[in-house]
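Working notes for the structure below.
Just so it is clear, none of the values below were taken in a lab; they were calculated from the coordinates. Please read all numbers here as calculations on a predicted model, not as lab measurements. Note: ideal-geometry Cβ built from the backbone for every residue, glycine included; neighbour counts use all protein chains shown.
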Amino acid sequence: MSTTQMILNILAIGVPFSVALLLAATGEMFNQRSGVFNLGCEGIMAMGAFAAFLPPFFLKDVLPADAANLLGLGAAVAVGAVLGLLFALVVTVFRAPQGIAGIGLQMLGVGVAGTLFRHYVGGVTGVEGIATIPLPLLSRIPGIGPVFFDLTPVAYAAFLFVPAAWYLLFKTPWGLKVRAVGTHPRAADTMGIDVIRTRFQALALGGALAGLAGAYLSLCQTKMFADDLIAGRGFIAVALVYFGRWHPVGILFGSLLFSLAQSFQLAVQVAGIDFPYEFAVMLPYALVIIVLSLARSSRSRGPAELGKPFNREKRV
């Protein structure tokens, strides 16, 4: 296998791998920009993946495949938004510690999804899922055409959402409110911004995107559901927000970097290259630790009130 072909293989595997991370991390970015970090992203992704799997599995003889898949995507987004609102209630109204509440949500989501799957489905079963749609002309470009322009509709939407998220966060009044409540919530409150409501909205959006990320894994990437389907991607997504410095473009770069490292270790094994298997598997996660350390040492700082509950009655 030539070097060029190996690079194209790594890209062909890595670009689709990055979609779930990109969606979940972009949603987590909105959470953190509003002053809340959600370690329960893994649980929301698990519930989204399971919710998306159910309609194509149970309604395959009743609805056309496209309708069942669309229903599954809608269910995943709705479940993710509801769980985001539940988390918002716990950490903004009841002011529970965000880290502990997030771990609780992670355990709840993974546990409920796994239990319901074993009860109603029983074992690993595949579904038709969502097929790729090659873009006319672009997908025929030699080399990069099949890599970047032969993806699923969810993948196209994820990459298009990057500029949309930038515009929403930095060019709209709502984005200004989100950044204000994450940086100076008391000042935002004195200006008439409802801090709690804004955080609820940001967490609902973040949860919806995490649910869609889970749906991508079950309907587009694996076309099945299993207990370990998410495999730590929710925690990686949280880390990518720090690596991307709370910016959609930085998160896109981080998602691609991690996914390409993951696809590299798969390509190395398939190609039979004399390379330590254990090190290849460890490489993506070691890369996350390294880039987080570099991001931590840089001058970039996140929202000033990240992780701090807002109490309007408390005097400064």
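The residues in the range 91-120 that are under 17 Å from VAL238 (Cβ atoms) and over 21 Å from the mean Cα position of the chain (by Cα) can be counted, and the count is 1. For the range 85-120, filtered to residues that are in contact with a helix residue (DSSP H, G or I) (Cβ under 7 Å, 6 or more places away or on another chain) and closer than 17 Å to ALA52 by Cα, the residue that is surrounded by the most Cβ atoms within 10 Å (Cβ to Cβ) is GLY109.
Every condition in (1) surrounded by fewer than 18 Cβ atoms within 10 Å (Cβ to Cβ); (2) under 16 Å from VAL19 (Cβ atoms); (3) over 19 Å from the mean Cα position of the chain (by Cα) is met by GLY123 except one, and the failing one is (2).
Checking each residue in the range 136-152 for being free of Cβ contacts under 8 Å to residues at least 40 places away in the same chain and exposed (fewer than 15 other Cβ atoms within 10 Å of the Cβ) picks out PRO136, LEU137, LEU138, ARG140, ILE141, PRO142. When the range 11-54 is filtered for residues that are more than 21 Å from VAL110 (Cβ to Cβ) and over 11 Å from the mean Cα position of the chain (by Cα), the ones remaining, listed by number, are LEU11, ALA12, ILE13, GLY14, VAL15, PRO16, PHE30, GLN32, ARG33, SER34, GLY35. Restricting LEU229, LEU252 to those that are buried (at least 20 other Cβ atoms within 10 Å of the Cβ), farther than 22 Å from ILE130 by Cα and out of contact with any Asp or Glu (no Cβ under 9 Å at 6 or more places or on another chain) reduces the list to LEU252. Can you find a residue in the range 59-78 that is touching a Ser or Thr at 6+ places or on another chain (Cβ under 6 Å) and farther than 25 Å from GLN265 by Cβ? No, the range 59-78 contains no residue that is touching a Ser or Thr at 6+ places or on another chain (Cβ under 6 Å) and farther than 25 Å from GLN265 by Cβ.
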